[in-house]
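Visitor: One structure, as structure tokens, below. Some questions next.
The values are calculated or read from the model by the stated rules, or taken from the named source; none is laboratory data. For clarity, every value in this text was computed on a predicted model and none was experimentally measured. Cβ coordinates were reconstructed from backbone atoms using ideal geometry, including for glycine residues, and neighbour counts include every protein chain displayed.
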């Protein structure tokens, strides 16, 4: 029982030391355009209701990603966070009406 507690304590200490460094390194950079600017651009391309919005790293670049519910389907719009350019504009399929 003592060995299990010691290993648990060592594991927790390692996670605190090394996990904190990993989290700090994964912090996303500050975007050059705001979420609000990207949202406005996405809605201009695909009018509808935004059901999901993310600031994510995809393909080596940081971007805003929006899922927009339109008549009968979801449109995904990706906006590059550095340049403001559209990097994705595709249909994700029909809306599930469960």
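Visitor: Mind counting the residues in region 31-62 that are over 15 Å from the mean Cα position of the chain (by Cα), in a strand (DSSP E or B) and either in contact (Cβ under 8 Å) with a residue 60 or more places away in the chain or surrounded by 14 or more Cβ atoms within 10 Å (Cβ to Cβ) (or both)?
Guide: 0
Visitor: Determine whether region 63-76 contains at least one residue that is surrounded by fewer than 12 Cβ atoms within 10 Å (Cβ to Cβ), modelled with pLDDT of 95 or more, part of a strand (DSSP E or B) and in contact with a strand residue (DSSP E or B) (Cβ under 9 Å, 6 or more places away or on another chain).
Guide: Start the filter on region 63-76 by keeping residues that are surrounded by fewer than 12 Cβ atoms within 10 Å (Cβ to Cβ), which leaves 71-72.
Now restrict to residues that are modelled with pLDDT of 95 or more: none.
Looking through region 63-76, none of the residues is surrounded by fewer than 12 Cβ atoms within 10 Å (Cβ to Cβ), modelled with pLDDT of 95 or more, part of a strand (DSSP E or B) and in contact with a strand residue (DSSP E or B) (Cβ under 9 Å, 6 or more places away or on another chain).
Visitor: Just to be sure before I move on: is residue 5 modelled with pLDDT of 95 or more and not in a strand (DSSP E or B) in the structure I sent?
Guide: Against the criterion (modelled with pLDDT of 95 or more and not in a strand (DSSP E or B)), residue 5 does not qualify.
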